Amino acid sequence: MFNLKRRNMSFLHILISLGILFPLGNNTNNQIHLKISNIPSGKGNILIAVYDKEDGFREKDQTFKNLTIPAQSGNIEATIPQVPEGTYAVAIFHDANGNGKLDKNILGIPTEAYGFSNNAKGSFGPPSYKQCSFALSGKKTLEIKLN
């Protein structure tokens, strides 16, 4: 005789084993919460880039996620939701003039405020991915002070 309960239970086991019902290591409740301070003015936008690998770090077309929020003088907070568990680095800058890029002077020194996760700073140039990287599992709050 055909056992319907047994058949449904087998199907449930298959779904669990495939990770369809309870995916492991890909928790969509993970999020990066940013507390950004030292924003010089309310002009323009704050551009936030999240990177999930070292190759292409700080390159505009290599971001994992991007977020643009209106600038406000002082401090702001932003949340990047639904980030899988893993290792990430965040780069932020205040695009005061709204041209979509970090402006620099003739020597290549940024003229707009910027910051990185871990408040990392480079010796002669920007910090590396390793200096900025952090592990994400659950909710992570980062405090980043713009320079």
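Residues in the stretch 115-135 that are in a strand (DSSP E or B) and surrounded by fewer than 17 Cβ atoms within 10 Å (Cβ to Cβ): 134, 135. Looking at the stretch 101-108, can you tell me whether even one residue there is in contact with a helix residue (DSSP H, G or I) (Cβ under 9 Å, 6 or more places away or on another chain), modelled with pLDDT of 90 or more, surrounded by 14 or more Cβ atoms within 10 Å (Cβ to Cβ) and not aromatic (Phe, Trp, Tyr)? Among the residues of the stretch 101-108, not one is in contact with a helix residue (DSSP H, G or I) (Cβ under 9 Å, 6 or more places away or on another chain), modelled with pLDDT of 90 or more, surrounded by 14 or more Cβ atoms within 10 Å (Cβ to Cβ) and not aromatic (Phe, Trp, Tyr), which makes the answer no. On the stretch given as the stretch 37-65, residues that are modelled with pLDDT of 95 or more, not in a loop (DSSP other than H, G, I, E, B) and not small (Gly, Ala, Ser) total 9. When 116, 134 are checked against the criterion of being touching a Pro at 6+ places or on another chain (Cβ under 7 Å), under 24 Å from residue 76 (Cβ atoms) and not hydroxyl-bearing (Ser, Thr, Tyr), a single residue qualifies: 116. Answer yes if at least one residue in the stretch 28-36 is exposed (fewer than 11 other Cβ atoms within 10 Å of the Cβ), farther than 23 Å from residue 126 by Cα and either of a type in the set (Phe, Trp, Tyr) or at pLDDT below 95 (or both), and no otherwise. Checked against the condition, which is being exposed (fewer than 11 other Cβ atoms within 10 Å of the Cβ), farther than 23 Å from residue 126 by Cα and either of a type in the set (Phe, Trp, Tyr) or at pLDDT below 95 (or both), the stretch 28-36 yields at least one hit.
The values are calculated or read from the model by the stated rules, or taken from the named source; none is laboratory data. It should be emphasised that the depicted structure is a prediction, and the values quoted were computed from it without experimental measurement. Cβ: placed from backbone, ideal geometry, glycine included. Neighbour counts: every protein chain shown.
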